[in-house]
Amino acid sequence: MAGSITSDRPRAAEERPGGPLIVTEDMELLDDLLRLCAAAGAEPEVHHSLPEGKGGWEDAPLVLVGDDAAARCRGASRRRGVFLVGKDQDDPDVWRRAVEIGADCVLRLPDAESWLVDRIADVAEGVGRQALTVGVIGGRGGAGASTLATALAVTAARGGRRTMLVDGDPLGGGLDVMLGGEHTEGRRWPDFAASKGRVAGGALEESLPELHALRVLSWDRGDSVVIPPEAMRSVLAAARRRGGVVVVDLPRRVDEGVAEALAQLDLGLLVVPGELRAVAAANRVASAVGMVLADLRVVCRGPYAPGLDEQWVAAALGLPLAGELPTEPGLAAAQTAGAPPGASGRGPLARFCTAFWERALVGEGVA
(Lines give C-alpha, C1' and ligand atoms only; values in the text may rest on other atoms or scores of the structure.)
Protein backbone atom coordinates (compact mmCIF):
# COMPACT_ATOMS: atom_id res chain seq x y z
CA MET A 1 0.00 0.00 0.00
CA ALA A 2 1.36 3.38 -0.97
CA GLY A 3 1.78 6.11 1.63
CA SER A 4 0.71 6.26 5.26
CA ILE A 5 -1.03 8.48 7.76
CA THR A 6 0.26 8.85 11.26
CA SER A 7 -1.98 9.54 14.21
CA ASP A 8 -1.72 10.08 17.93
CA ARG A 9 -5.42 10.21 18.68
CA PRO A 10 -6.46 9.66 22.29
CA ARG A 11 -7.48 6.30 23.66
CA ALA A 12 -11.16 5.67 24.29
CA ALA A 13 -10.40 4.70 27.86
CA GLU A 14 -9.23 8.18 28.77
CA GLU A 15 -11.46 9.83 31.33
CA ARG A 16 -13.62 12.60 29.94
CA PRO A 17 -14.06 15.84 31.88
CA GLY A 18 -17.31 16.77 33.61
CA GLY A 19 -19.72 19.55 32.78
CA PRO A 20 -19.30 23.29 33.33
CA LEU A 21 -19.60 25.19 36.60
CA ILE A 22 -22.43 27.77 36.61
CA VAL A 23 -22.37 30.59 39.18
CA THR A 24 -25.53 32.72 39.29
CA GLU A 25 -28.65 33.56 41.31
CA ASP A 26 -30.46 34.97 38.29
CA MET A 27 -33.13 32.32 37.72
CA GLU A 28 -33.97 33.49 34.20
CA LEU A 29 -30.30 33.37 33.20
CA LEU A 30 -29.89 30.01 34.95
CA ASP A 31 -32.81 28.57 32.98
CA ASP A 32 -31.14 29.68 29.75
CA LEU A 33 -27.76 28.21 30.72
CA LEU A 34 -29.30 24.92 31.80
CA ARG A 35 -31.13 24.75 28.47
CA LEU A 36 -27.85 25.31 26.59
CA CYS A 37 -26.10 22.66 28.68
CA ALA A 38 -28.86 20.19 27.89
CA ALA A 39 -28.53 20.96 24.18
CA ALA A 40 -24.79 20.27 24.44
CA GLY A 41 -25.28 17.01 26.36
CA ALA A 42 -23.58 18.36 29.52
CA GLU A 43 -24.54 18.13 33.19
CA PRO A 44 -23.46 21.34 34.97
CA GLU A 45 -22.72 22.04 38.61
CA VAL A 46 -24.64 25.09 39.86
CA HIS A 47 -23.63 27.46 42.68
CA HIS A 48 -25.05 30.83 43.73
CA SER A 49 -21.61 32.16 44.65
CA LEU A 50 -17.96 31.17 44.49
CA PRO A 51 -17.74 27.49 45.58
CA GLU A 52 -16.12 27.04 48.96
CA GLY A 53 -12.91 25.07 49.26
CA LYS A 54 -10.59 23.94 46.54
CA GLY A 55 -11.57 22.00 43.47
CA GLY A 56 -14.88 23.39 42.22
CA TRP A 57 -13.61 26.59 40.61
CA GLU A 58 -10.16 25.31 39.68
CA ASP A 59 -11.15 21.89 38.34
CA ALA A 60 -14.25 22.68 36.28
CA PRO A 61 -13.51 22.44 32.55
CA LEU A 62 -15.53 25.63 31.97
CA VAL A 63 -16.90 28.31 34.30
CA LEU A 64 -19.98 30.39 33.40
CA VAL A 65 -20.39 33.36 35.75
CA GLY A 66 -23.63 35.31 35.60
CA ASP A 67 -23.53 39.13 35.64
CA ASP A 68 -25.21 39.07 39.03
CA ALA A 69 -22.49 36.86 40.55
CA ALA A 70 -19.38 38.65 39.28
CA ALA A 71 -18.86 40.61 42.51
CA ARG A 72 -19.15 37.40 44.55
CA CYS A 73 -16.42 35.77 42.45
CA ARG A 74 -13.78 38.46 43.08
CA GLY A 75 -10.67 36.95 44.55
CA ALA A 76 -11.06 33.60 42.81
CA SER A 77 -7.87 32.08 41.49
CA ARG A 78 -7.06 33.11 37.94
CA ARG A 79 -7.60 30.42 35.33
CA ARG A 80 -8.55 29.94 31.69
CA GLY A 81 -12.07 29.06 30.58
CA VAL A 82 -14.05 31.62 32.60
CA PHE A 83 -16.88 33.38 30.73
CA LEU A 84 -18.99 36.25 32.09
CA VAL A 85 -22.55 35.71 30.83
CA GLY A 86 -25.54 38.04 30.85
CA LYS A 87 -28.51 39.31 28.87
CA ASP A 88 -28.19 43.08 29.20
CA GLN A 89 -26.87 44.27 25.85
CA ASP A 90 -26.20 47.84 27.06
CA ASP A 91 -24.38 47.33 30.38
CA PRO A 92 -21.43 49.80 30.37
CA ASP A 93 -19.68 48.15 33.34
CA VAL A 94 -19.59 44.60 32.03
CA TRP A 95 -15.96 44.72 30.90
CA ARG A 96 -14.78 46.02 34.26
CA ARG A 97 -16.46 43.10 36.01
CA ALA A 98 -14.97 40.69 33.49
CA VAL A 99 -11.46 41.96 34.22
CA GLU A 100 -12.05 41.68 37.98
CA ILE A 101 -12.76 37.95 37.74
CA GLY A 102 -10.24 37.22 34.99
CA ALA A 103 -12.87 36.21 32.42
CA ASP A 104 -11.67 35.17 28.97
CA CYS A 105 -14.59 36.94 27.32
CA VAL A 106 -18.05 38.42 27.80
CA LEU A 107 -21.07 36.63 26.34
CA ARG A 108 -24.47 38.15 25.74
CA LEU A 109 -27.52 35.92 25.29
CA PRO A 110 -29.27 35.12 23.05
CA ASP A 111 -26.68 36.32 20.50
CA ALA A 112 -23.90 34.03 21.77
CA GLU A 113 -26.05 30.92 22.33
CA SER A 114 -24.81 28.93 19.34
CA TRP A 115 -21.15 29.66 20.10
CA LEU A 116 -21.61 28.81 23.78
CA VAL A 117 -23.35 25.49 23.03
CA ASP A 118 -20.33 24.48 20.95
CA ARG A 119 -17.92 25.34 23.78
CA ILE A 120 -19.99 23.46 26.36
CA ALA A 121 -20.25 20.45 24.05
CA ASP A 122 -16.48 20.47 23.55
CA VAL A 123 -15.81 20.08 27.25
CA ALA A 124 -18.67 17.61 27.73
CA GLU A 125 -17.29 15.33 25.02
CA GLY A 126 -13.67 15.76 26.01
CA VAL A 127 -12.81 16.70 22.44
CA GLY A 128 -9.35 15.59 21.39
CA ARG A 129 -7.91 14.70 18.03
CA GLN A 130 -10.52 13.62 15.55
CA ALA A 131 -11.08 10.18 14.10
CA LEU A 132 -9.15 9.06 11.06
CA THR A 133 -11.85 9.23 8.40
CA VAL A 134 -11.63 7.08 5.26
CA GLY A 135 -14.03 7.17 2.33
CA VAL A 136 -14.53 4.30 -0.13
CA ILE A 137 -15.88 4.93 -3.64
CA GLY A 138 -16.48 2.57 -6.55
CA GLY A 139 -14.80 3.36 -9.85
CA ARG A 140 -17.81 1.83 -11.56
CA GLY A 141 -21.02 0.13 -10.50
CA GLY A 142 -20.42 -3.19 -8.80
CA ALA A 143 -16.77 -2.47 -8.10
CA GLY A 144 -17.04 -3.72 -4.52
CA ALA A 145 -16.77 -0.41 -2.65
CA SER A 146 -19.44 -1.30 -0.09
CA THR A 147 -17.78 -4.65 0.53
CA LEU A 148 -14.41 -2.99 1.13
CA ALA A 149 -15.90 -0.25 3.33
CA THR A 150 -17.64 -2.84 5.51
CA ALA A 151 -14.54 -5.03 5.73
CA LEU A 152 -12.39 -2.05 6.74
CA ALA A 153 -14.82 -1.16 9.53
CA VAL A 154 -15.16 -4.77 10.73
CA THR A 155 -11.37 -5.16 10.77
CA ALA A 156 -10.83 -1.92 12.70
CA ALA A 157 -13.44 -2.91 15.29
CA ARG A 158 -11.96 -6.40 15.62
CA GLY A 159 -8.64 -4.71 16.41
CA GLY A 160 -10.24 -2.92 19.38
CA ARG A 161 -10.64 0.51 17.85
CA ARG A 162 -13.71 2.68 18.29
CA THR A 163 -15.27 2.38 14.84
CA MET A 164 -18.21 3.93 13.02
CA LEU A 165 -19.37 2.87 9.55
CA VAL A 166 -21.40 5.50 7.69
CA ASP A 167 -23.52 4.55 4.68
CA GLY A 168 -23.39 7.58 2.40
CA ASP A 169 -24.99 5.82 -0.56
CA PRO A 170 -28.81 5.96 -0.30
CA LEU A 171 -29.21 3.65 -3.30
CA GLY A 172 -26.80 1.01 -2.08
CA GLY A 173 -29.32 -1.17 -0.26
CA GLY A 174 -28.11 -0.44 3.30
CA LEU A 175 -24.89 -1.46 4.99
CA ASP A 176 -26.87 -2.74 7.96
CA VAL A 177 -28.09 -5.48 5.63
CA MET A 178 -24.50 -6.38 4.72
CA LEU A 179 -23.77 -6.64 8.45
CA GLY A 180 -26.86 -8.76 9.05
CA GLY A 181 -28.51 -6.13 11.23
CA GLU A 182 -31.36 -4.67 9.21
CA HIS A 183 -33.76 -5.48 12.07
CA THR A 184 -31.50 -4.21 14.84
CA GLU A 185 -32.96 -1.28 16.74
CA GLY A 186 -31.33 2.10 16.36
CA ARG A 187 -31.53 5.28 14.36
CA ARG A 188 -31.03 5.50 10.59
CA TRP A 189 -30.29 8.34 8.19
CA PRO A 190 -33.89 9.60 7.88
CA ASP A 191 -33.82 10.33 11.62
CA PHE A 192 -31.00 12.80 11.02
CA ALA A 193 -32.28 14.40 7.81
CA ALA A 194 -33.23 17.62 9.61
CA SER A 195 -29.97 17.90 11.57
CA LYS A 196 -28.33 21.31 11.47
CA GLY A 197 -25.62 22.84 13.60
CA ARG A 198 -23.89 20.68 16.15
CA VAL A 199 -24.85 17.06 16.84
CA ALA A 200 -23.55 15.60 20.11
CA GLY A 201 -21.03 12.88 19.28
CA GLY A 202 -21.83 10.71 22.28
CA ALA A 203 -25.57 10.85 21.66
CA LEU A 204 -25.04 9.99 17.99
CA GLU A 205 -22.90 6.97 18.80
CA GLU A 206 -25.26 5.60 21.44
CA SER A 207 -28.31 6.00 19.17
CA LEU A 208 -26.95 3.87 16.31
CA PRO A 209 -27.20 0.08 15.90
CA GLU A 210 -24.17 -1.78 17.24
CA LEU A 211 -23.16 -4.64 14.97
CA HIS A 212 -19.96 -6.68 15.14
CA ALA A 213 -18.50 -4.28 17.75
CA LEU A 214 -18.97 -1.19 15.57
CA ARG A 215 -21.64 1.45 15.19
CA VAL A 216 -23.32 1.77 11.80
CA LEU A 217 -25.35 4.64 10.35
CA SER A 218 -27.33 3.17 7.47
CA TRP A 219 -30.68 3.58 5.74
CA ASP A 220 -34.10 2.30 6.63
CA ARG A 221 -36.32 0.62 4.08
CA GLY A 222 -38.31 3.78 3.36
CA ASP A 223 -38.37 6.00 0.29
CA SER A 224 -36.07 8.78 1.55
CA VAL A 225 -32.91 8.85 -0.58
CA VAL A 226 -31.48 12.30 0.11
CA ILE A 227 -28.95 13.41 2.70
CA PRO A 228 -29.14 17.21 3.00
CA PRO A 229 -25.63 18.70 3.01
CA GLU A 230 -26.24 20.31 6.41
CA ALA A 231 -27.12 16.91 7.90
CA MET A 232 -24.07 15.22 6.36
CA ARG A 233 -21.82 17.98 7.70
CA SER A 234 -23.26 17.85 11.23
CA VAL A 235 -23.42 14.07 11.56
CA LEU A 236 -19.94 13.36 10.18
CA ALA A 237 -18.41 16.10 12.32
CA ALA A 238 -20.02 14.50 15.39
CA ALA A 239 -18.76 11.05 14.40
CA ARG A 240 -15.22 12.34 13.93
CA ARG A 241 -15.14 14.05 17.33
CA ARG A 242 -15.49 10.65 19.02
CA GLY A 243 -12.03 9.59 17.85
CA GLY A 244 -11.00 6.17 16.55
CA VAL A 245 -11.84 5.56 12.90
CA VAL A 246 -14.79 6.45 10.69
CA VAL A 247 -15.35 4.64 7.38
CA VAL A 248 -17.74 6.19 4.85
CA ASP A 249 -19.20 4.30 1.89
CA LEU A 250 -19.89 6.86 -0.84
CA PRO A 251 -21.70 6.82 -4.20
CA ARG A 252 -19.96 7.67 -7.46
CA ARG A 253 -22.17 10.70 -8.09
CA VAL A 254 -20.90 13.78 -6.25
CA ASP A 255 -23.88 15.86 -5.10
CA GLU A 256 -23.87 18.48 -2.34
CA GLY A 257 -24.20 15.91 0.45
CA VAL A 258 -21.37 13.78 -0.93
CA ALA A 259 -19.20 16.88 -1.34
CA GLU A 260 -19.70 17.62 2.36
CA ALA A 261 -18.56 14.09 3.20
CA LEU A 262 -15.53 14.32 0.91
CA ALA A 263 -14.50 17.56 2.62
CA GLN A 264 -14.21 15.73 5.96
CA LEU A 265 -12.21 12.72 4.73
CA ASP A 266 -8.56 12.22 5.55
CA LEU A 267 -8.21 9.99 2.50
CA GLY A 268 -10.30 8.24 -0.11
CA LEU A 269 -10.01 4.79 -1.65
CA LEU A 270 -11.20 4.38 -5.25
CA VAL A 271 -11.99 0.71 -5.98
CA VAL A 272 -11.27 -0.13 -9.63
CA PRO A 273 -11.67 -3.54 -11.28
CA GLY A 274 -8.85 -4.48 -13.66
CA GLU A 275 -10.61 -3.84 -16.96
CA LEU A 276 -10.46 -1.01 -19.49
CA ARG A 277 -14.10 0.13 -19.18
CA ALA A 278 -13.77 0.24 -15.41
CA VAL A 279 -10.64 2.38 -15.68
CA ALA A 280 -12.40 4.75 -18.07
CA ALA A 281 -15.38 5.07 -15.71
CA ALA A 282 -13.10 5.47 -12.68
CA ASN A 283 -11.27 8.31 -14.41
CA ARG A 284 -14.49 10.34 -14.50
CA VAL A 285 -15.23 9.54 -10.86
CA ALA A 286 -11.69 10.50 -9.83
CA SER A 287 -11.99 13.79 -11.66
CA ALA A 288 -15.15 14.75 -9.77
CA VAL A 289 -13.93 13.50 -6.39
CA GLY A 290 -10.53 15.14 -6.80
CA MET A 291 -12.15 18.57 -6.96
CA VAL A 292 -12.90 18.21 -3.23
CA LEU A 293 -10.60 15.49 -1.86
CA ALA A 294 -6.84 15.94 -2.12
CA ASP A 295 -5.76 12.43 -1.03
CA LEU A 296 -7.40 9.84 -3.31
CA ARG A 297 -5.77 6.42 -3.79
CA VAL A 298 -6.52 3.43 -5.99
CA VAL A 299 -7.45 -0.04 -4.81
CA CYS A 300 -7.23 -2.44 -7.76
CA ARG A 301 -9.38 -5.54 -7.87
CA GLY A 302 -8.52 -8.56 -9.93
CA PRO A 303 -8.78 -10.49 -12.13
CA TYR A 304 -7.14 -8.30 -14.77
CA ALA A 305 -7.78 -8.01 -18.48
CA PRO A 306 -4.82 -9.04 -20.68
CA GLY A 307 -2.00 -6.51 -20.49
CA LEU A 308 -3.29 -4.83 -17.31
CA ASP A 309 -2.04 -5.01 -13.74
CA GLU A 310 -2.40 -2.84 -10.63
CA GLN A 311 0.55 -0.61 -11.56
CA TRP A 312 -0.91 0.05 -15.02
CA VAL A 313 -4.33 0.93 -13.59
CA ALA A 314 -2.88 3.38 -11.02
CA ALA A 315 -0.66 5.00 -13.66
CA ALA A 316 -3.59 5.34 -16.08
CA LEU A 317 -5.58 7.16 -13.41
CA GLY A 318 -2.62 9.22 -12.23
CA LEU A 319 -3.26 8.24 -8.61
CA PRO A 320 -1.14 6.52 -5.96
CA LEU A 321 -1.73 2.80 -5.47
CA ALA A 322 -3.19 1.85 -2.08
CA GLY A 323 -3.10 -1.87 -2.75
CA GLU A 324 -4.54 -4.82 -4.63
CA LEU A 325 -7.55 -6.99 -3.87
CA PRO A 326 -7.19 -10.39 -5.57
CA THR A 327 -10.21 -12.53 -6.28
CA GLU A 328 -11.54 -14.20 -3.13
CA PRO A 329 -13.48 -17.42 -3.73
CA GLY A 330 -16.25 -17.99 -1.24
CA LEU A 331 -16.74 -14.35 -0.26
CA ALA A 332 -20.24 -14.10 -1.75
CA ALA A 333 -21.25 -17.42 -0.19
CA ALA A 334 -20.02 -16.29 3.23
CA GLN A 335 -22.06 -13.10 2.99
CA THR A 336 -25.14 -15.08 1.99
CA ALA A 337 -24.60 -17.20 5.09
CA GLY A 338 -24.59 -14.06 7.26
CA ALA A 339 -20.88 -13.39 7.72
CA PRO A 340 -19.98 -9.78 6.89
CA PRO A 341 -16.91 -9.07 4.74
CA GLY A 342 -13.68 -9.36 6.70
CA ALA A 343 -15.29 -11.00 9.72
CA SER A 344 -13.17 -14.15 9.61
CA GLY A 345 -9.88 -12.27 9.63
CA ARG A 346 -8.64 -14.56 6.86
CA GLY A 347 -8.41 -14.28 3.08
CA PRO A 348 -7.17 -11.55 0.71
CA LEU A 349 -9.79 -8.99 1.77
CA ALA A 350 -9.07 -9.34 5.49
CA ARG A 351 -5.32 -9.25 4.86
CA PHE A 352 -5.67 -6.08 2.81
CA CYS A 353 -7.72 -4.37 5.54
CA THR A 354 -5.31 -5.41 8.29
CA ALA A 355 -2.33 -4.10 6.33
CA PHE A 356 -4.18 -0.88 5.52
CA TRP A 357 -4.89 -0.06 9.16
CA GLU A 358 -1.38 -1.03 10.24
CA ARG A 359 0.02 1.57 7.85
CA ALA A 360 -2.65 4.22 8.23
CA LEU A 361 -2.64 4.13 12.02
CA VAL A 362 1.11 4.10 12.66
CA GLY A 363 1.64 4.76 16.35
CA GLU A 364 -2.09 4.53 17.10
CA GLY A 365 -3.27 3.15 20.44
CA VAL A 366 -6.63 1.45 20.74
CA ALA A 367 -9.21 4.20 20.14
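The values are calculated or read from the model by the stated rules, or taken from the named source; none is laboratory data. Treat the numbers as computed from the prediction; the structure is a model and nothing was measured. A quick note on method: Cβ atoms are made from the backbone with ideal geometry, for glycine too, and the neighbour counts reach across all protein chains shown. In case anyone asks, the SASA skips ligands and DNA or RNA and just uses the protein heavy atoms, side chains included. Shrake-Rupley method; radii C 1.70, N 1.55, O 1.52, S 1.80 Å.
Annotation note: Cβ proximity below 6 Å between a residue of the stretch 182-198 that is under 23 Å from Val117 (Cα atoms) and modelled with pLDDT under 90 and a residue that is surrounded by fewer than 17 Cβ atoms within 10 Å (Cβ to Cβ) and not basic (Lys, Arg) (sequence gap 6+ or interchain) occurs for Lys196/Glu230; Arg198/Asp118. With respect to the conditions (1) among the polar types (S, T, N, Q); (2) buried (at least 19 other Cβ atoms within 10 Å of the Cβ); (3) modelled with pLDDT under 90, Thr147 lacks only one, and its number is (3).
Taking residues in the stretch 98-112 that are crowded, with 16+ Cβ neighbours inside 10 Å, and partners anywhere that are part of a loop (DSSP other than H, G, I, E, B) and at pLDDT 95 or above, the pairs with Cβ atoms closer than 6 Å and at least 6 places apart or on different chains are Ile101/Ala70. The residue that is modelled with the lowest pLDDT, among those in the stretch 218-247 that are surrounded by 20 or more Cβ atoms within 10 Å (Cβ to Cβ) and within 13 Å of Gly172 (Cα to Cα), is Trp219. Condition (residue is surrounded by fewer than 23 Cβ atoms within 10 Å (Cβ to Cβ), of a type in the set (Lys, Arg) and at pLDDT 90 or above) applied to the stretch 248-260: is it met by at least one residue? Among the residues of the stretch 248-260, at least one is surrounded by fewer than 23 Cβ atoms within 10 Å (Cβ to Cβ), of a type in the set (Lys, Arg) and at pLDDT 90 or above, which makes the answer yes. Every residue in the stretch 343-367 that is part of a loop (DSSP other than H, G, I, E, B), under 19 Å from Thr133 (Cα atoms) and open to solvent by less than 60 Å² (accessible area, probe 1.4 Å), please. If the condition is that a residue be part of a loop (DSSP other than H, G, I, E, B), under 19 Å from Thr133 (Cα atoms) and open to solvent by less than 60 Å² (accessible area, probe 1.4 Å), then Leu361, Glu364, Gly365, Ala367 are the ones that fit. If the condition is being open to solvent by 30 Å² or more (accessible area, probe 1.4 Å), closer than 17 Å to Ala337 by Cβ and touching a helix residue (DSSP H, G or I) at 6+ places or on another chain (Cβ under 7 Å), then the stretch 167-188 contributes Met178, Glu182. Filtering the stretch 113-139 to residues that are open to solvent by 30 Å² or more (accessible area, probe 1.4 Å) and assigned to a helix (DSSP H, G or I) leaves Glu113, Ser114, Trp115, Asp118, Arg119, Asp122. Selection of the stretch 325-367 for residues being among the charged types (D, E, K, R) and under 27 Å from the mean Cα position of the chain (by Cα) yields Arg351, Glu358, Arg359, Glu364. Scan the stretch 70-89 for residues that are closer than 19 Å to Cys37 by Cα and among the hydrophobic types (A, V, I, L, M, F, W, C) and jot them down. Listed by number, the residues that qualify are Val82, Phe83, Leu84, Val85.
Only a single criterion out of (1) under 16 Å from Ile227 (Cα atoms); (2) not in a helix (DSSP H, G or I) is not satisfied by Asp191, namely (2).
The number of residues in the stretch 301-318 that are crowded, with 20+ Cβ neighbours inside 10 Å, closer than 15 Å to Arg140 by Cβ and in contact with a Leu (Cβ under 7 Å, 6 or more places away or on another chain) comes to 1. Using the structure shown, decide if Gly197 is over 27 Å from Trp357 (Cβ atoms) and either among the hydroxyl-bearing types (Ser, Thr, Tyr) or not in a helix (DSSP H, G or I) (or both). For Gly197, the condition - over 27 Å from Trp357 (Cβ atoms) and either among the hydroxyl-bearing types (Ser, Thr, Tyr) or not in a helix (DSSP H, G or I) (or both) - is met. Going residue by residue through the stretch 281-300, is there one that turns out to be under 30 Å from Ala237 (Cα atoms), of a type in the set (D, E, K, R) and out of contact with any Leu (no Cβ under 7 Å at 6 or more places or on another chain)? Yes, that holds for at least one residue. One residue stands out among those in the stretch 319-342 that are open to solvent by 70 Å² or more (accessible area, probe 1.4 Å) and of a type in the set (S, T, N, Q): the one that is nearest to Val177 (Cα to Cα), which is Thr336.
For the stretch 82-93, how many residues meet the condition of being in contact with a strand residue (DSSP E or B) (Cβ under 8 Å, 6 or more places away or on another chain), touching a residue at least 24 places away in the same chain (Cβ under 8 Å) and open to solvent by less than 40 Å² (accessible area, probe 1.4 Å)? Full working, then the answer.
So in the stretch 82-93, the residues in contact with a strand residue (DSSP E or B) (Cβ under 8 Å, 6 or more places away or on another chain) come out as 82-89.
With the extra rule that they be touching a residue at least 24 places away in the same chain (Cβ under 8 Å), the set shrinks to 83, 85-87.
Checking which are open to solvent by less than 40 Å² (accessible area, probe 1.4 Å) leaves us with 83, 85-86.
The total comes to 3.
One residue stands out among those in the stretch 201-216 that are open to solvent by 50 Å² or more (accessible area, probe 1.4 Å) and in contact (Cβ under 8 Å) with a residue 60 or more places away in the chain: the one that is farthest from Pro341 (Cα to Cα), which is Ala203.
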